[in-house]
1. Could you check Cys48 against (1) under 20 Å from the mean Cα position of the chain (by Cα); (2) closer than 30 Å to His162 by Cα; (3) surrounded by 12 or more Cβ atoms within 10 Å (Cβ to Cβ) and say which number it fails?
2. Taking the stretch 104-136 as the region of interest, how many residues are over 29 Å from Phe80 (Cβ atoms) and at pLDDT below 90?
3. Name the single residue, out of those in the stretch 79-97 being of a type in the set (A, V, I, L, M, F, W, C) and exposed (fewer than 14 other Cβ atoms within 10 Å of the Cβ), that is farthest from the chain's Cα centre (by Cα).
4. Would you confirm, using the coordinates I've provided, whether Leu77 is outside the structural domain of Val165 (by TED's automatic domain parsing) and within 20 Å of Tyr36 (Cα to Cα)?
5. Answer yes if at least one residue in the stretch 72-84 is in contact (Cβ under 8 Å) with a residue 24 or more places away in the chain and under 28 Å from Ile168 (Cα atoms), and no otherwise.
6. Step by step: first the residues of the stretch 100-135, then only those that are under 17 Å from Glu164 (Cβ atoms) and touching a Lys or Arg at 6+ places or on another chain (Cβ under 8 Å), then the one that is surrounded by the most Cβ atoms within 10 Å (Cβ to Cβ). Which residue is that?
7. Could you check, for the stretch 9-19, whether at least one of its residues is part of a loop (DSSP other than H, G, I, E, B) and closer than 27 Å to Ser154 by Cα?
8. Quick check on this structure: which one of Phe27, Phe34, Phe54, Phe80 is at pLDDT 90 or above and either touching a His at 6+ places or on another chain (Cβ under 7 Å) or within 22 Å of His105 (Cα to Cα) (or both)?
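The values are calculated or read from the model by the stated rules, or taken from the named source; none is laboratory data. Treat the numbers as computed from the prediction; the structure is a model and nothing was measured. Cβ placement follows ideal geometry from the backbone for every residue including glycine, while neighbour counts extend to all protein chains displayed.
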Amino acid sequence: MFRFTYAFVLIFLLWLQSLFTDTVHTFENGSHRFHYNLVPWFFLGLICLTQAVFAEIARRFMKDKWLGILCLLFIPLFGFLSLKHVYERTEVSESGISHRREPPHTRYNVDIVWDDIQSAVKYETEQAGLFAPNFYNVGYVFTLKNGKDHELPSNTVLTAAHEEVDRILKMRNIPVTNQRIPIPQN
């Protein structure tokens, strides 16, 4: 009964979070900034509180201190997984695009000037919706005039920014190739 209730509560919280928008778009100093809002933090707090409650239930009522310790050990794990809520952001201005990811994905941290871009590939990766229909996350590969490629992998924040990025690419007549990557069929 403990495992069923534990799984049900976590799945319910994930479903509830999926009903809300996780990103915010702000405009300041001529720059569009896309980043996570407070919704993921709120649900992270709820999940950590749930972990503590289930740890106490396991310790007090089930007399299983190891299960309680295991529940408590998940709290730092969820904290580590939430690093993306702190670091992940995309800034789009008339002069360029700035993309930041959490460690260890620092190779995707780039600042690109629009004038340096020769062409772009926009790819939409299909994601299986846990509680909703499938959706697409957007990513880009920018080829610079010096021949270098900069990949901005598909993620939630870049997906929120893609309309503004597409508008500037079109305005600057930068050729864009669109690709759709479906979920592999077994």
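1. Failed condition: (2).
2. Selection size over the stretch 104-136: 1.
3. Phe80
4. The answer is yes for Leu77.
5. Yes, the stretch 72-84 has at least one match.
6. Ile117
7. Checked against the condition, which is being part of a loop (DSSP other than H, G, I, E, B) and closer than 27 Å to Ser154 by Cα, the stretch 9-19 yields at least one hit.
8. Phe34
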